[in-house]
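I have placed the structure first, in the form of structure tokens, so that the comments after it can refer back to it.
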Amino acid sequence: RILILDFGSQFTQLIARRVREAHVYCEIHPHSMSLTDIQNWEPQGIILSGGPSSVHDQDAPMVDPGIFVLGLPILGICYGLQLMAHVLGGKVAKAEHREYGRAHLQIHDALGPLLPFKSSEDTEEVWMSHGDRIEKMPDGFRVLASSTNSPLAAIGDPIRHFYGVQFHLEVVHTPRGAEMLTAFVRGVCACNGQWTMHSYVESAIASIRAQVGKGKVIAALSGGVDSAVAAVLIHRAIGDQLTCIFVDNGLLRFGESEKVQTVFRNYFQIPLQAIDARQRFLDVLAQVTDPEKKRKAIGNLFIEIFEEEAKKVEGADFLAQGTLYPDVIESVSFKGPSATIKSHHNVGGLPERMHLKLVEPLRELFKDEVRELGRELGMPEEVIRRQPFPGPGLAIRCLGAIDAQRLEVLRRADRIVMEEVREAGLYDRLWQAFAVLLPVRSVGVMGDARTYDETIALRAVESSDGMTADWAHLPYDVLGRISTRIINEVAGINRVVYDISSKPPATIEWE
Ligand code: XMP
């Protein structure tokens, strides 16, 4: 297994994903992890992430230098490379120009064992994002590759198995980056690559049983993949010691509330308590237009309702949560100052208030691994491949004040988007596709009459993790069909526009 020490890069999670994709188990820990803890964790290799700092900063994040004498292979990425060079006696300086974006590597040497390059004439496309750069290598290192702005873009010490790259091999913009990481963890670190979902199911069931014993667990189903997979896994482990609660907030897409209930009751025969809370959500949302206030109102009411229902389950000891690894990292890892962009809807406050212990069988997994786990558990593809859907649901896609009627308009437009996207075979290729209802009225003409109606914005994005996204280049005929159908079939809409902004600087959801 591989230990990733985090220096606050926005890409650290991607490093972990790439390592897992090579079927090697890894975890991300803060850079401040003590040497003893590192040794006790027994890594076969260490990766030092990138980060926003400079090694010359007053309070530059450090690592215990003792890691360099453990005899373990180490890979430094960007700041991780600079730190390694700095600690081992090299020299790091400010580059004249910040290097950002695509760069072409000139391979000096076969990139060591990171990638068995053919010859030194080869170039390789990589993605750079750095200010500082290495000016002098520490003793024992040699240069493996360079770019125009970074003469020492990749360096290595083949005796100690220390490697460092200035570029980001964890991002998709470095096409052969995943290969390089695989070569490091499987080749240099000699990890055997046996981390699979099949083995995970067995061990997860055993650990749920060990944790819960004869206790009772309650789980909240949202309609999303994570809570569904968690519930099915827990049910497999402890059967009817599990009670599933589904709060219908009226903010789901067309037909989804029914779908959740059918899948659980009929397909898995897992008992489900469905609570119709549609009116209560409408009540708290009436007149709320501010996006953050909407999110908070929905989160708070959800907690309130769930608490009421959970109290009816006598002697519950545990609360199941579909917490994923990215959430775990967010809360334990190194965090620089970062602004709250959106408060995410979760049940974070619940366990403390209810004095329940947590069962979180997915807390070591990434989203794509959860899907794989769902498959392993025999869940329908329809559930597993469902596009992500935000906790606050249609409320944050219904801009302005929400009422039952506007929600219905949005739901009907969104249904058409879904149907056409599926029909065109695009559903799985898109990270998300949906409709947004704008409180913007414009003039139109229908038949011979003037209309003055609201607007639907279409949003369709491609992304691998939701952290960055590109607007999808949907075919014009698909856009055309969606537009025609919405305007013809959904009363109250006379104009459809397409959102062509990427994230950043926009976000995926409009609120
Ligand atoms: P943004 O809008 O921040 O969204 O670019 C990134 C991804 O997160 C989803 N999202 C949420 N998911 N609870 C969730 O579970 C939320 O409150 C929430 N807000 C946004 C969004 O759909 C996209 O996939």
**OP:** Please work out if VAL232 is surrounded by 20 or more Cβ atoms within 10 Å (Cβ to Cβ), modelled with pLDDT of 95 or more and away from the ligand (no atom under 16 Å from the Cβ).
**Re:** yes
**OP:** Mind counting the residues in the stretch 353-381 that are part of a helix (DSSP H, G or I) and without any contact (Cβ under 8 Å) to a residue 24 or more places away in the chain?
**Re:** 1
**OP:** Would you mind finding the one in ARG441, ARG459 that is loosely packed, with under 15 Cβ neighbours inside 10 Å, in a strand (DSSP E or B) and not aromatic (Phe, Trp, Tyr)?
**Re:** ARG441
Original post:
What number goes with the only condition from (1) farther than 26 Å from ASP368 by Cα; (2) outside any loop (DSSP other than H, G, I, E, B); (3) touching a Gly at 6+ places or on another chain (Cβ under 6 Å) that THR289 does not pass?
Top reply: (2)
Subject >> One residue from ALA210, ALA231, ALA204, ALA190 being of a type in the set (A, V, I, L, M, F, W, C) and part of a loop (DSSP other than H, G, I, E, B) >> reply: ALA190
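Matching residues to (1) in contact with an Asp or Glu (Cβ under 7 Å, 6 or more places away or on another chain); (2) assigned by TED's automatic domain parsing to the domain that holds THR289; (3) within 16 Å of the ligand (Cβ to nearest atom):
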residue	(1), (2), (3)
SER483	no, no, no
ASN494	yes, no, no
LYS503	no, no, yes
GLU509	no, no, yes
Original post:
Of all residues in the stretch 366-395, which are over 19 Å from the mean Cα position of the chain (by Cα) and under 21 Å from ARG253 (Cα atoms)?
Top reply: MET379, PRO380, GLU381, GLU382, LEU394, ALA395
**OP:** Under 9 Å between Cβ atoms, at least 6 apart or on separate chains: pull out the pairs that start in the stretch 385-405 with a residue that is not assigned by TED's automatic domain parsing to the domain that holds PHE434 and of a type in the set (D, E, K, R) and end on any residue that is at pLDDT 95 or above and within 9 Å of the ligand (Cβ to nearest atom).
**Re:** ARG397/PHE434; ARG397/GLU509; ARG397/TRP510; ARG397/GLU511
**OP:** Give just the number: which of (1) aliphatic (A, V, I, L, M); (2) in contact with a strand residue (DSSP E or B) (Cβ under 6 Å, 6 or more places away or on another chain); (3) surrounded by 22 or more Cβ atoms within 10 Å (Cβ to Cβ); (4) touching a residue at least 60 places away in the same chain (Cβ under 8 Å) does ILE4 not satisfy?
**Re:** (4)
Original post:
Restricting attention to the stretch 434-480, which residues are within 13 Å of the ligand (Cβ to nearest atom) and either of a type outside the set (Ser, Thr, Tyr) or touching a helix residue (DSSP H, G or I) at 6+ places or on another chain (Cβ under 8 Å) (or both)?
Top reply: PHE434, VAL436, ARG459, ALA460, VAL461, GLU462, ASP465, GLY466, MET467, ALA469, ASP470, TRP471
**OP:** Please enumerate the residues belonging to the stretch 462-499 that are β-branched (Val, Ile, Thr), in a loop (DSSP other than H, G, I, E, B) and either more than 19 Å from PRO439 (Cα to Cα) or free of Cβ contacts under 8 Å to residues at least 24 places away in the same chain (or both).
**Re:** THR468
Original post:
Taking PHE318, is it in contact with a strand residue (DSSP E or B) (Cβ under 7 Å, 6 or more places away or on another chain), at pLDDT below 60 and surrounded by 14 or more Cβ atoms within 10 Å (Cβ to Cβ)?
Top reply: no
**OP:** Return yes when PHE281 is under 22 Å from PRO392 (Cβ atoms) and surrounded by fewer than 19 Cβ atoms within 10 Å (Cβ to Cβ) and no when it is not.
**Re:** no
Original post:
Which is within 16 Å of the ligand (Cβ to nearest atom) and of a type in the set (D, E, K, R), of LYS259, LYS294, LYS311?
Top reply: LYS294
Original post:
Which ones in the stretch 81-109 are part of a loop (DSSP other than H, G, I, E, B) and under 19 Å from TRP127 (Cα atoms)?
Top reply: HIS108
Original post:
List the pairs whose first member sits in the stretch 411-432 and is in the same structural domain as LEU479 (by TED's automatic domain parsing) and part of a helix (DSSP H, G or I), whose second member is more than 16 Å from the ligand (Cβ to nearest atom) and of a type in the set (Phe, Trp, Tyr), and whose Cβ atoms are under 8 Å apart, counting only residues at least 6 apart or on separate chains?
Top reply: ARG411/PHE254; ARG412/PHE254; ASP414/PHE254; ARG415/PHE254; MET418/PHE254
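Listed here are the residues, each with its yes/no results for (1) surrounded by fewer than 24 Cβ atoms within 10 Å (Cβ to Cβ); (2) in the same structural domain as GLN279 (by TED's automatic domain parsing); (3) not aliphatic (A, V, I, L, M).
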position: ARG160; (1), (2), (3): yes, no, yes
position: THR174; (1), (2), (3): yes, no, yes
position: MET180; (1), (2), (3): no, no, no
position: ASP240; (1), (2), (3): yes, yes, yes
position: ILE245; (1), (2), (3): yes, yes, no
position: SER257; (1), (2), (3): yes, yes, yes
Subject >> Evaluation of LEU430 against (1) touching a helix residue (DSSP H, G or I) at 6+ places or on another chain (Cβ under 8 Å); (2) among the aliphatic types (A, V, I, L, M); (3) within 21 Å of LEU251 (Cα to Cα) (one fails), failing number >> reply: (3)
Original post:
What number of residues in the stretch 465-511 are at pLDDT 95 or above, of a type in the set (A, V, I, L, M) and surrounded by fewer than 15 Cβ atoms within 10 Å (Cβ to Cβ)?
Top reply: 3
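The values are calculated or read from the model by the stated rules, or taken from the named source; none is laboratory data. Everything numeric in this text was worked out from a predicted model, so none of it was measured. As a convention, Cβ positions derive from the backbone with ideal geometry for all residues, glycine included, and neighbour counts pool all protein chains shown.
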